[in-house]
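The values are calculated or read from the model by the stated rules, or taken from the named source; none is laboratory data. Computed from a predicted model, the values in this text were never measured in an experiment. When we count neighbours, we look across all protein chains shown, and the Cβ atoms used for this are built from the backbone with ideal geometry, even at glycine. For the accessible areas, the whole protein counts, side chains as well, though only heavy atoms, and no ligand, DNA or RNA atoms are used. Shrake-Rupley method; radii C 1.70, N 1.55, O 1.52, S 1.80 Å.
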Amino acid sequence: MISTAVLQHADKSESVAQWVAARRDLGLKTIRARFDRAVAEGELASDTDTEALARFFGAVVQGMSAQACDGASKAMLKRMADVALSAWPGAIGGR
């Protein structure tokens with residue numbers, strides 16, 4: 001719900017929109033922190049752009065959320081996740 005909530009809003013809903021946007025931002029920061037840790041621990045290459053990577057996977061999650069709301073099947077969502085994971089840094093042959 002946080003992924004797609006209050007993307008468009010009236011002026012009277014601004015405070016709610018800001019609250020939800022802050023939660024989305026917190027999610028991205030949490031993902032980036034995990035990627036930063038992965039770089040520090042050698043799980044990801046030292047030159048990994050962790051902000052861009054976090055935003056990429058955040059966008060995938062947001063898009064999947066919207067498609068799920070529109071009726072995408074569990075099987076289709078899993079296939080989308082598999083494609084997204086093939087973009088993982090260092091992925092070979094789609095994983």
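Among the residues in the stretch 72-82, are any of a type in the set (S, T, N, Q), open to solvent by 70 Å² or more (accessible area, probe 1.4 Å) and either at pLDDT 90 or above or touching a Phe, Trp or Tyr at 6+ places or on another chain (Cβ under 6 Å) (or both)?
First pass over the stretch 72-82, keeping only residues of a type in the set (S, T, N, Q): 73.
Of the ones still in play, those that are also open to solvent by 70 Å² or more (accessible area, probe 1.4 Å) are none.
No, the stretch 72-82 has no match at all.
Taking the criterion of being under 27 Å from Arg79 (Cβ atoms), part of a helix (DSSP H, G or I) and not aliphatic (A, V, I, L, M), the residues of the stretch 24-50 that qualify are Arg24, Gly27, Thr30, Arg32, Arg34, Phe35, Thr50. Evaluation of Leu44 against the conditions (1) buried (at least 17 other Cβ atoms within 10 Å of the Cβ); (2) free of Cβ contacts under 8 Å to residues at least 40 places away in the same chain shows that the sole unmet condition is (2).
Within the stretch 18-67, the set of residues being small (Gly, Ala, Ser) and in contact with a Gly (Cβ under 8 Å, 6 or more places away or on another chain) comprises Gly27, Ala45, Gly58.
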